[in-house]
1. Test of the criteria: in the stretch A:63-104, which GluC sites (Glu not before Pro) are in a DSSP loop and have at most 12 other Cβ atoms within 10 angstrom of their Cβ?
2. Under the definition of Cα pairs under 8 Å and six or more residues apart, what whole-number percent is the relative contact order of the stretch B:1-124?
3. Using the number of other C-beta atoms within 10 angstrom as an exposure proxy, rank B:Y301, B:Y275 with the fewest first.
4. With labels modelled as points extended 7 Å from the Cα through the Cβ direction, what inter-label distance (nm, one decimal) is found for A:V42 paired with B:L311?
5. Where the only charges are on Cβ atoms (+1 Lys, Arg; -1 Asp, Glu), what is the dipole of the stretch B:264-314 about its Cα centre, to the nearest 20 debye?
6. Can you list, shortest first and in nm, the gaps between the label point of A:E307 and those of its counterparts in the other copies, using a point 7 Å from Cα in the C-beta direction?
7. Calculate the FRET efficiency for B:R15 and A:I34 from the Cβ-Cβ distance with a Förster distance of 41 Å, rounded to the nearest 0.05.
8. With the label 7 angstrom out along Cα to Cβ, how close does B:K33 come to the same site in each of the other copies, in nm, nearest first?
There are 2 protein chains.
Amino acid sequence: MATDSVVEGLRARVRELEEELNRVRRHETHRAKIGKMSAEVVDSNPYSRLMALKRMGIVQDYEKIRTYTVAVVGVGGVGSVTAEMLTRCGIGKLLLFDYDKVELANMNRLFFQPHQAGLSKVEAAEHTLRNINPDVQFEVHNYNITTIDNFQHFMDRISKGGLQEGEPVDLVLSCVDNFEARMAINTACNELGQIWMESGVSENAVSGHIQLIKPGETACFACAPPLVVAANIDEKTLKREGVCAASLPTTMGVVAGILVQNVLKYLLHFGTVSYYLGYNAMQDFFPTMSMKPNPSCDDKYCRQQQEAYKLREASEPKPEVVAVEESPVVHEDNEWGIELVSEISEEELKDASGPVPELPEGITVAYTIPITKPTSGATVEDTDQSLEDLMAQMKKM
Amino acid sequence: MATDSVVEGLRARVRELEEELNRVRRHETHRAKIGKMSAEVVDSNPYSRLMALKRMGIVQDYEKIRTYTVAVVGVGGVGSVTAEMLTRCGIGKLLLFDYDKVELANMNRLFFQPHQAGLSKVEAAEHTLRNINPDVQFEVHNYNITTIDNFQHFMDRISKGGLQEGEPVDLVLSCVDNFEARMAINTACNELGQIWMESGVSENAVSGHIQLIKPGETACFACAPPLVVAANIDEKTLKREGVCAASLPTTMGVVAGILVQNVLKYLLHFGTVSYYLGYNAMQDFFPTMSMKPNPSCDDKYCRQQQEAYKLREASEPKPEVVAVEESPVVHEDNEWGIELVSEISEEELKDASGPVPELPEGITVAYTIPITKPTSGATVEDTDQSLEDLMAQMKKM
């Protein structure tokens, strides 16, 4: 009898330990779901610091964030941090797309941890993010969006995968690391009229950018070559065979930060939403600008969206958009001994790139296009090359 | 006999499960320590993307990062991400100082997770960071640096806690959220001649800054009131009783990113190290500047450091520092349809603040000082108030 109770006790202990181990392994959430965001200032309220934005006069209706769905395409150095920020902000629903696996070689960026090596990025990300905020809904897809079948499914999910099934997502974020995937997102968003934001980090890890694209209203990716912040680096260094790109958690963290900040400003209506914001880490230079669509863009859906936008504009009362001149910076010494630190020169930036269109200071194209006729007055419309030729050339570089 | 072996088997299973549970609970590192950083491009190399910075011509000797020690004071929204970035970059040694506990109310910022609620911030951070990179050495102190005893210990550790015990740390980073702690760091660094960087995020969560302080060479915190990026917000909103500050993972992620980027540029000698870099999230405005020390600073160690700096300058060949004028920004339309997006106006910024010294566009003081005599020509030297009076006044606000 004594032995039976010992066995019984040990069996109970094994069951207990197995359950505990499963719980710990699943990183089970240590907080319950929260039905309604509260502004109460207590240590146990994960939303108090966000709801305070209302009291501070920054955001009128912070809770509205729970009604929005964002799709993040690419869950790498920028996309994973982007998804984490949105999760911590309490976004309604996140769709994650990536086909890659976590590797130790990713450990120089934020988010993933060594014990996740070998897991798919979307699976590992969903696990961590659910633990951080169980109030967020997740839908993850472990595939490459550029293959024909997956592309159709991707289009289907961004047009129907909103918080209310059948509704489109509110925003698509491109956090991918290659031209093909960007073009796939561009194609899908042009066809669907889906507003999206693009992000990118240079292969030398010291510059990046974000861009807001409203089909028909701003230039799409097929309207003009992708623009990047000039990084003052010899492009030839980047293109050698068998060489991996450099990356830094700093640059990727900054790009994810300015991307999600732009998302919050766009969704929650505060501050000025940037159409393009660049980051040059070498000189701490952050250019902004906006770009109109190309009326003869090779993407027919882009041209259709441009027509539709013109019609909308004509029928709606248009708010005045004022182009404010930047005030000249004051350089005189003052009684506090303050001096401005020198920034990158226009010459340095121009040296870094081939023939480029006229662009604001500090911006250049991601790829330079071989010019076959005199540059003077050349516009996209004058070019003999089709977008397909251009893309084929770019891929070869 | 059968029962004995069953009991034995169950006991073995209990031991096995207990060990496994402990291992999982400790999040045991899934990678071994690495003796020497390698540039080999394989999935299992956590340093390949960092060592690629050498090949890209950005950093001459990336491995030198292993020889540096950085102290991070304050392991909150900015400090925790700062420590994580440095850990992933493979810094030699990190010293962490904080006296706070993790709360669910911190979950709207990156880094800490709900299951860590209740742990001390330094303990939770060390655990996560060791798991991410076991090559980094950690020394953590769970105390408030502003009490007399702790302040002495803090001074002792930053002057002797380097990678080689007895050597000073290479850099101190202030990631604290209050004036008293910043002043304590300022006092310690002035006395020790320790170079440090300060960081801050506004209470309305939409602006922040970083600042590099070289005792004797640049203004210290006692030379002038702390400067912040004007956020165009009514300061009275921020000062009500019983109201918590707002915070966003985006703003804090950007500030941590530009802080650690500045640390990497400073330690590894690439790009331009910023003396002051502000971030206004509402307008995506990033002002830079530098500030000379005040010859009649109230901190005697600051004045001593200024004398020492002058002597060093006089004896050393001085590299020419050129103040480059910013090129006026070109606003004309061009054939690519690019327009500059409007930025914050000088008027808007001035409206946001009280009487302030002459400062570059977009910068204002964190606190406005009541002026008791005519402002015209008033400098710090003219002021009747002692720093103690000033500090007492500031604390009351």
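Here, each number is a calculation from the coordinates, and none is a lab measurement. In this text the structure is predicted, and so the values were computed from the model without any measurement. Neighbour counts run over all protein chains shown; Cβ positions are idealised from the backbone, glycine included.
1. Working: sites: A:E63, A:E84, A:E103; in loops: A:E103.
Sites meeting the loop and neighbour criteria: none at all.
2. Details: 118 pairs, mean separation 19.3, N = 124.
Computed value for the stretch B:1-124: 16 percent relative contact order.
3. Working: B:Y301 20, B:Y275 23.
Lowest to highest Cβ neighbour count: B:Y301, B:Y275.
4. 6.0
5. Values: 6 positive and 5 negative charges, 37 e Å.
Computed about the Cα centre, the dipole is about 180 debye.
6. So the distances to the same position in the other copies read 8.1 nm.
7. On the way: r = 40 Å, r/R0 = 0.97.
Computed FRET efficiency for B:R15 and A:I34: 0.55.
8. 4.6
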